[in-house]
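See below for the structure under consideration.
The values are calculated or read from the model by the stated rules, or taken from the named source; none is laboratory data. Computed from a prediction, not measured in an experiment: that's the story for all the values here. The accessibility values were calculated without ligands, DNA or RNA, using every heavy atom of the protein model including side chains. Shrake-Rupley method; radii C 1.70, N 1.55, O 1.52, S 1.80 Å.
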Amino acid sequence: PDVVEEFKESIRNAEAVVLITPEYNRSYPGVLKNAIDWGSRPYGQNLWAKKPAAVLGASVGSIGTFGAQ
């Protein structure tokens, strides 16, 4: 889809990536999983490889977002 191609072009052109996510049932949301998967496909064209990245999260719970990170 066009939106995926635009997303992949954004990753390709970025110097680094920051992923910010809420915790969702001790994991990260499915939408984020899909985005990560789109960026890693097709085989041999993983846009995440060697791309500096950070993961941030926010939660009202006492253990923070350990499950999402």
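Some points to look at:
- Convex hull (Cα only) mean projected area of the chain, reported in nm² to one decimal: 5.1 nm²
- Computed over the chain: relative contact order in percent, which uses C-alpha pairs under 8 Å that are six or more apart: 42 percent
- Accessible surface, the chain, averaged per residue in Å² (probe 1.4 Å): 76 Å²
- Apportionment of accessible area to carbon and sulfur, the chain, percent (1.4 Å): 57 percent
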